[in-house]
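S.K.: Attaching a single structure in structure tokens format; questions to follow.
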Amino acid sequence: MKTEVNSQETSRAEAFKLWMQSPMPMVTFMKTFNVSRLRKVSRKTGMKFNMLLCWCIGKAASKIEEFYLLPEQWKLFRFDKLAINVIVQVDKGGIASCDIPYSDDINQFNADYIQQTKVVAKNGESTSMEDCMIIGTSTLPQIELDCIVNQYSGRYNNPFLAWGKYRKEIFKTTLPISFQFHHSQMDGLQACQFLNNLQNEIKNLNI
């Protein structure tokens, strides 16, 4: 459910006043993650590496209150559910976006991921879950990238993560991930907490 809230009655009151009128309100952090566990689980179970990472993102975000808030059109909205947006290669060419509802049950999330991305790939039509707080993602597995910066237009205010190809090292596999967020939604403290949560979820993934 999407509900408008009075920003002055939330913990984001001061930040909302400061940053909603900023011409460039987005902030980008970049962290290199140890994703060895994801590779191992992916090989063992046959689950897609990208799906596992998206689930870990949802799990890490679900523990932080600010991820359920969205500054939009000079207003602040609160959601009670999260969804992960992924970019899908369409069978006939081009790309489309697909919203996957986040579930604490990784098997349910995996089933939704497979089914919904397959439909989008086939028909080429993007999906949208208006009643969920969307966390955007994008991956370019064709190349190793240090950082990706998304548009700073203020039109798309949702948190957004992007990454390229993971890096195989002798004893571990690493992956730089860019995390972009609207400063009215969260501060650096919450962003750092999320990134730490994400590394912990990746490290402790148990299937």
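S.K.: Would you please name the residue that is most open to solvent (accessible area, probe 1.4 Å), looking only at residues in the stretch 118-172 that are part of a strand (DSSP E or B) and among the small types (Gly, Ala, Ser)? Break it down stepwise before answering.
M.R.: First pass over the stretch 118-172, keeping only residues part of a strand (DSSP E or B): 133-139, 160-163, 167-168.
Then drop every residue that is not among the small types (Gly, Ala, Ser), which leaves 136, 138, 162.
Working: 136: 1, 138: 32, 162: 2 Å².
Residue satisfying both the conditions and the ranking: 138.
S.K.: Let me ask something additional. Could you check the stretch 1-77 for helices (runs of 4 or more DSSP H) lying wholly inside it with 2 or more residues that are more than 21 Å from the chain's Cα centre (by Cα) and either at pLDDT 95 or above or over 23 Å from residue 132 (Cβ atoms) (or both)? I'd like the intermediate steps shown before the answer.
M.R.: Numbers: elements: 13-19, 36-45, 49-61.
Those helices (runs of 4 or more DSSP H) span 13-19, 36-45.
S.K.: Take the residues of the stretch 49-66 that are in contact with a helix residue (DSSP H, G or I) (Cβ under 7 Å, 6 or more places away or on another chain) and more than 14 Å from residue 202 (Cα to Cα): which is surrounded by the fewest Cβ atoms within 10 Å (Cβ to Cβ)?
M.R.: 63
S.K.: Among the residues of the stretch 96-117, how many are open to solvent by 60 Å² or more (accessible area, probe 1.4 Å), assigned to a helix (DSSP H, G or I) and touching a Lys or Arg at 6+ places or on another chain (Cβ under 9 Å)? Full working, then the answer.
M.R.: First, pick out the residues of the stretch 96-117 that are open to solvent by 60 Å² or more (accessible area, probe 1.4 Å): 104-105, 107-108, 114-115.
If we keep only those that are assigned to a helix (DSSP H, G or I) as well, we get 107-108, 114-115.
Okay, now just the ones that are also touching a Lys or Arg at 6+ places or on another chain (Cβ under 9 Å), so 114.
Qualifying residue count for the region: 1.
S.K.: Let me ask you something else. Restrict the check to the stretch 82-95 and report whether at least one residue is among the polar types (S, T, N, Q) and either touching a residue at least 12 places away in the same chain (Cβ under 8 Å) or part of a strand (DSSP E or B) (or both). Please lay out each step first, then the result.
M.R.: First pass over the stretch 82-95, keeping only residues among the polar types (S, T, N, Q): 85, 89.
This time we only want the ones that are either touching a residue at least 12 places away in the same chain (Cβ under 8 Å) or part of a strand (DSSP E or B) (or both), so: 85, 89.
Yes, the stretch 82-95 contains at least one residue that is among the polar types (S, T, N, Q) and either touching a residue at least 12 places away in the same chain (Cβ under 8 Å) or part of a strand (DSSP E or B) (or both).
S.K.: Does residue 69 qualify as being out of contact with any Phe, Trp or Tyr (no Cβ under 9 Å at 6 or more places or on another chain) and surrounded by 15 or more Cβ atoms within 10 Å (Cβ to Cβ)?
M.R.: Working: out of contact with any Phe, Trp or Tyr (no Cβ under 9 Å at 6 or more places or on another chain): no; surrounded by 15 or more Cβ atoms within 10 Å (Cβ to Cβ): yes.
For residue 69, the condition - out of contact with any Phe, Trp or Tyr (no Cβ under 9 Å at 6 or more places or on another chain) and surrounded by 15 or more Cβ atoms within 10 Å (Cβ to Cβ) - is not met.
S.K.: On to the next question. Could you please tell me which pairs satisfy a Cβ distance under 8 Å, a separation of 6+ or placement on different chains, a first residue in the stretch 190-207 that is closer than 27 Å to residue 43 by Cβ, and a second residue that is hydroxyl-bearing (Ser, Thr, Tyr) and open to solvent by 30 Å² or more (accessible area, probe 1.4 Å)?
M.R.: 207/45
S.K.: Among the residues of the stretch 173-194, count how many are assigned to a helix (DSSP H, G or I) and surrounded by fewer than 18 Cβ atoms within 10 Å (Cβ to Cβ).
M.R.: Initial filter on the stretch 173-194 (assigned to a helix (DSSP H, G or I)): 188-194.
Add one more test, that the residue is surrounded by fewer than 18 Cβ atoms within 10 Å (Cβ to Cβ), and what stays is 188-190, 192-193.
Of the residues in the stretch 173-194, 5 are assigned to a helix (DSSP H, G or I) and surrounded by fewer than 18 Cβ atoms within 10 Å (Cβ to Cβ).
S.K.: Return only the number of the condition from (1) out of contact with any helix residue (DSSP H, G or I) (no Cβ under 8 Å at 6 or more places or on another chain); (2) closer than 20 Å to residue 136 by Cβ that residue 189 does not satisfy.
M.R.: (2)
The values are calculated or read from the model by the stated rules, or taken from the named source; none is laboratory data. Every value quoted in this text rests on a predicted model; they were computed, and no experiment measured them. Cβ atoms come from the backbone with ideal geometry, glycine included; neighbour counts cover every protein chain shown. The protein model used for the area step is the full one, side chains on, heavy atoms only, and it has no ligands, DNA or RNA in it. Shrake-Rupley method; radii C 1.70, N 1.55, O 1.52, S 1.80 Å.
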